[in-house]
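First up is the structure itself, then whatever we jot down about it.
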Amino acid sequence: MNKKICNALVGVAVCLAASGATVASSLSYYMDESNTASLFPSNTNYLQVTIDDLGLANDKIYFTVTPLASLTSIAGSNFGIDKFAFNGPTLAQSNIGLDGWSLKNSKKVSIFGNFNNRLSGGGKDRGNPLTFSINAGNDTVASYAEALSNGSAFFAAHVAGFNIGCGTGGSDDTDDSDDEEDNRNRRRERSSSIHRSSSISFEGDDSDSECTTSAYFGGSTLLVPPTGEVPVPAAAWLFASGLIGIVGVSRRGRSK
């Protein structure tokens, strides 16, 4: 076998072996808290957040926020995530790859405190799952996994479209704008009697109302084991072993 080819093959095998193999970085977390403890108790996994750089091949970091069976099993029509908040670097709208959603900075999200970045969709733009990208620059996946000093959760989300005690309806198709949310909060504070008698729960309601269509969730429980490194696939190791074997046979043939 040509000496240059042999050296190249050995080089490939050695590189694979030496790298052991990080080709991408990924972190995943559970969101296991809610603002409606009577219906959604803590320490239950409601959503999973995965942050992946896919090897930073295109200088982007990717978020995937997936509702789990504890929520999808009670989903009505138009179920999904219409708000999602996270920390890390303060971003601009142009940094986010998610059409139809707006970005606001330094926003409080229910009981989970303030977040550097909050994405909002609407009644017609819910994600199940919610996926979006961030222009990374010098950021890493770990850049977006942190809590601010005035909050403990890394992430928070508003999920709408439940069907808890709502008969055959159970969907909330309205556009949950910030103004509507603020108005609801003010009404709730001014009139506890209205709060108790409503047949449909307000966002963030922690009462035993007859029909619940939405709630907030938060958390930062790291999946175990973490997926901080993506190993080289087994096929790559087999390929490397085969290359080493070919080179060894070739060298033995030449020595004879």
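Values in this text are rule-based calculations from the coordinates and carry no lab data. Just so it is clear, the structure is predicted and the values come from calculations on it, not from any experiment. In this analysis, Cβ positions are derived from the backbone assuming ideal geometry, glycine residues included, and neighbour counts consider all displayed protein chains.
In this simple spin-label approximation, Ser106 and Glu146 carry label points 7 Å from Cα along the Cα→Cβ vector, and these lie 1.7 nm apart. Computed from backbone phi with θ = phi - 60° and the Karplus coefficients 6.51, -1.76 and 1.60, the 3J(HN,Hα) list for region 156-166 is 8, 8, 9, 10, 10, x, 6, 9, 10, x, 10 Hz; x is used for glycine and proline.
Highest-first packing order for the peptide set 216-223, 88-95 is 216-223, 88-95, based on the mean count of other beta carbon atoms within 10 Å.
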